[in-house]
Amino acid sequence: MGLGQETFDAVDAFVGETLAGHDEALQDALDAAAAAGLPQIQISPPQGKLLQMLVRMVGAKAVLELGTLGGYSAILLARALPEGGRLITLESNAEYAALARASIERAGLGDLVDLRVGPALETLPALADEGVGPFDLTFIDADKVNTPNYFAWALDHSRPGSLIVADNVVRDGSLADGASADPATQAQRRLHLALAAEPRVTATTIQTVGSKGYDGFTIAQVN
Ligand code: DHB
Ligand code: MG
């Protein structure tokens, strides 16, 4: 097997079949999203399994997701919650949110998931006003230019030991290019500079290849 997308797909498929797990509710969610024309950019099954393991490793009961899309990751996150756990997931696109809500309901997780519709920069202050949190794990997977803003908010609404995970930070390697003209890439560079100067967290970034190409995620733990 060579080093290329075909191989990345094959390995993700193999890991998906052997370890990551798949079932009807997840397939239904993917099918519904595809049928409605949503972008096929949800996390891969192996990435989803990692998120579930992270939820369990920190014993997360209060989980926040930014960027619901079709609800695939929300179903996985909600399933990893312990008794009494709750997932709040934010989606700016009302059409995506309605579809995700239906998929989450069909998966039998409606009671565990609180889906809020609207730009996160508006729904986050509302959450703060309600006094929700602190969150034990926050998964940032929304509009990429705002990742540093979402990270700052998550950090202010976490507790020692909380995890904050941000998807899509490596962006085909452009993370290393200070001259990149892509605002999404510049945002990930700012995230890293902010993390470097932030005494409240311990963080690293892991590059990944897989069915979603070459990318990577940042994982930070609150000290
Ligand atoms: C895009 C967004 C994602 O969250 C992702 O994992 C891959 C791609 C995008 O907006 O293109
Ligand atoms: Mg993503």
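What follows is calculated from the coordinates using simple rules that are stated; it is not laboratory data. As the structure is a computational prediction, the values presented were derived from the model and not from experiment. Note that each Cβ is placed from the backbone with ideal geometry, even for glycine, and that neighbours are counted across all protein chains shown.
Scanning region 1-24 for residues being within 21 Å of residue 72 (Cα to Cα) and surrounded by 12 or more Cβ atoms within 10 Å (Cβ to Cβ) gives a total of 12. For region 151-183, the set of residues classified as touching a residue at least 40 places away in the same chain (Cβ under 8 Å) and assigned to a helix (DSSP H, G or I) consists of 151, 152, 154, 155, 171, 172, 173, 175, listed by residue number. With respect to the conditions (1) more than 16 Å from ligand 1 (Cβ to nearest atom); (2) touching a Phe, Trp or Tyr at 6+ places or on another chain (Cβ under 7 Å), residue 172 falls short on a single one, namely (1). Here residue 99 clears all of (1) more than 16 Å from ligand 2 (Cβ to nearest atom); (2) in contact with a helix residue (DSSP H, G or I) (Cβ under 9 Å, 6 or more places away or on another chain); (3) in contact (Cβ under 8 Å) with a residue 60 or more places away in the chain; (4) assigned to a loop (DSSP other than H, G, I, E, B) except the condition numbered (4). Remark: pairs (first residue in region 128-150, touching a residue at least 24 places away in the same chain (Cβ under 8 Å); second residue in a loop (DSSP other than H, G, I, E, B) and within 15 Å of ligand 1 (Cβ to nearest atom); Cβ separation under 6 Å; 6+ apart in sequence or on different chains) = 141/67; 141/167; 142/67; 144/168. Of the helices (runs of 4 or more DSSP H) entirely within region 1-58, those holding at least 3 residues that are under 21 Å from residue 165 (Cα atoms) occupy 45-57.
Within region 98-114, the only residue that satisfies the criterion of being surrounded by 21 or more Cβ atoms within 10 Å (Cβ to Cβ) and more than 17 Å from residue 34 (Cβ to Cβ) is 113.
Of all residues assigned to region 86-95, none qualifies as being surrounded by fewer than 16 Cβ atoms within 10 Å (Cβ to Cβ), more than 24 Å from residue 144 (Cβ to Cβ) and more than 18 Å from the chain's Cα centre (by Cα).
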